[in-house]
Every structure is written in structure tokens, then in C-alpha cells.
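A quick write-up on the structure given underneath.
The values are calculated or read from the model by the stated rules, or taken from the named source; none is laboratory data. Predicted model only: the values in this text are computed from it and were never measured. Every residue, glycine among them, receives a Cβ derived from its backbone with ideal geometry; neighbour counts consider all protein chains shown.
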Amino acid sequence: DVKVTQSSRYLVKRTGEKVFLECVQDMDHENMFWYRQDPGLGLRLIYFSYDVKMKEKGDIPEGYSVSREKKERFSLILESASTNQTSMYLCASSYGHPNTEAFFGQGTRLTVV
Amino acid sequence: GDSVTQMEGPVTLSEEAFLTINCTYTATGYPSLFWYVQYPGEGLQLLLKATKADDKGSNKGFEATYRKETTSFHLEKGSVQVSDSAVYFCAQRVSDSSYKLIFGSGTRLLVRP
């Protein structure tokens, strides 16, 4: 089975902290994605990566950055956490082909206080 | 730009009722289309997919047909069960070189006994 693992299920951080969310996949997938999920807004794409060290901005990249140094790991970084970044964060991975589905992790619920 | 629009929820049905959840998309090319389901407290999982026009995806009694002429991918099930209560997301995988995965806002389904 494909496994996408996010490092934490729940996280509480203080305003202004630098926050790292980690995601690891075990299927040698080329593509990896970070979304945030908010009620009524669905999943919004923050960043995605189509290969190692390659990244592209999604629809809401402001306040976030990413790192992909190894194929299996994709990190989301909140440079200076703010309360409006309180949300559920979902990581996904897939093969680099348009017909293939993405596999999701369990999500990290981040609360910024 | 590319987008996905779903009907707003919640949709409340009695057990054994017929289900339709509408989904339309806008795309510059010919995307692949997906339905994902999120049960309470869990991550997203693929329900079904269709990769070209007139394809029908099906799984667990759910069906959706890729209609290019109406740019739609409506989800249907003939007889819902209480266990189908979840949030359903329609998504497209764009056909440009990015292969971005774009989601709709989700539709919550509540099935009553």
C-alpha cells in the first residue's frame, strides 16, 4: 500500500514561530503537494513539487515556503506563523502523469495561538 | 484559469435514496477527473476517476461520467447508506506540464436511517 506520512496529527504553535510540517512518501512518486483545508473553502493548493528541488507556487503561497531535497520528503515551512494560518494541512503525492491519482496523508491540524 | 465547482452542501438524504452531487469544471485542455471522499477524522481517499471524455468511473456503487460537452462529472449512487455519510470532493488534474491537482470546495453528505 502507498503510504504518505505526515509528521504530526496535531500541532500548537505561537504567533511568530517558524513552523516545519514534514511529509514522507514511500512510493517513489515524482509529484508532491501541500494543501490547506478550511470549512467551506475545500482544498486550496499552497505549493507543489514535480521533482527533487523543483517547486511551483499554488493558489495561496503567501506566508509559506517549501523544501524538497530528497524525492520522498516534502516540507512545508511557515516562516512566521500567524493566527490566520490555523488550519488543516494535507500532503499528497502522485506519479508525474496526468491520469494518475494522488494519495493523501492523514493531515496535520495546526493551531497558531 | 482551471477550476472545479461543486454543489454546496450539506446534502441530507434518507437511507436508500438516490444521490446526485453536481460537479463542473473549467479547463484549458482535457484534464483527468476524480472524486475523493473524506470520512470523519480521516484523510482523503480516491473514490473513482475518469481520464477521457465519455469514460465512466465506478466504485462501491458510486458512478460518474466524464461529459466533455457539458464539462461535468456528476457523482451518483442509486441507494445510499448511512455509512456513505462523508465529505465528497471533485477534482481535476490539469493537462499542462504541471499536472496540478485542483479541488472543488467539497459537499457534505448526511444519510439518515
In the stretch A:51-68, residue modelled with the lowest pLDDT [restricted to those that are more than 10 Å from every other protein chain (Cβ to nearest Cβ) and buried (at least 17 other Cβ atoms within 10 Å of the Cβ)]: A:K55
Check on A:G40, in contact (Cβ under 8 Å) with a residue 12 or more places away in the chain, loosely packed, with under 14 Cβ neighbours inside 10 Å and either out of contact with any Cys (no Cβ under 7 Å at 6 or more places or on another chain) or not in a loop (DSSP other than H, G, I, E, B) (or both): no
Selected residue [surrounded by 19 or more Cβ atoms within 10 Å (Cβ to Cβ) and either more than 11 Å from chain B (Cβ to nearest Cβ) or more than 12 Å from the chain's Cα centre (by Cα) (or both)] from A:F103, A:F20, A:F48, A:F33: A:F103
Candidates B:S98, B:S58 - the one that is in a loop (DSSP other than H, G, I, E, B) and either surrounded by 13 or more Cβ atoms within 10 Å (Cβ to Cβ) or within 12 Å of chain A (Cβ to nearest Cβ) (or both): B:S98
Filter result for the condition that a residue is of a type in the set (A, V, I, L, M, F, W, C), in contact with an Asp or Glu (Cβ under 9 Å, 6 or more places away or on another chain), part of a loop (DSSP other than H, G, I, E, B) and surrounded by fewer than 21 Cβ atoms within 10 Å (Cβ to Cβ), over B:A17, B:A53: B:A53
In the stretch B:1-14, residue nearest to the chain's Cα centre (by Cα) [restricted to those that are surrounded by fewer than 15 Cβ atoms within 10 Å (Cβ to Cβ) and assigned to a strand (DSSP E or B)]: B:S3
Hits in the stretch A:19-56 (condition: more than 12 Å from A:K71 (Cα to Cα) and of a type in the set (A, V, I, L, M)): A:V19, A:L21, A:L41, A:L43, A:L45, A:I46
Members of the stretch B:20-42 that are surrounded by fewer than 19 Cβ atoms within 10 Å (Cβ to Cβ) and either part of a strand (DSSP E or B) or free of Cβ contacts under 8 Å to residues at least 40 places away in the same chain (or both): B:T20, B:T24, B:T26, B:G41, B:E42
Boolean, A:Y10 is in contact with a Leu (Cβ under 9 Å, 6 or more places away or on another chain) and either acidic (D, E) or within 27 Å of B:S3 (Cβ to Cβ) (or both): no
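So that you can scan it fast, the table gives a plain yes or no per residue for (1) over 10 Å from the mean Cα position of the chain (by Cα); (2) more than 30 Å from A:S8 (Cα to Cα); (3) charged (D, E, K, R):
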| site | (1), (2), (3) |
| --- | --- |
| B:K49 | no, no, yes |
| B:A53 | yes, yes, no |
| B:T70 | yes, yes, no |
| B:K77 | yes, yes, yes |
| B:Y88 | no, no, no |
Looking only at the stretch A:83-99, and only at residues there that are within 14 Å of chain B (Cβ to nearest Cβ) and not in a strand (DSSP E or B), the one that is farthest from the chain's Cα centre (by Cα): A:N99
Residue that is farthest from the other protein chains (Cβ to nearest Cβ), among those in the stretch B:70-94 that are in a loop (DSSP other than H, G, I, E, B) and hydroxyl-bearing (S, T, Y): B:S79
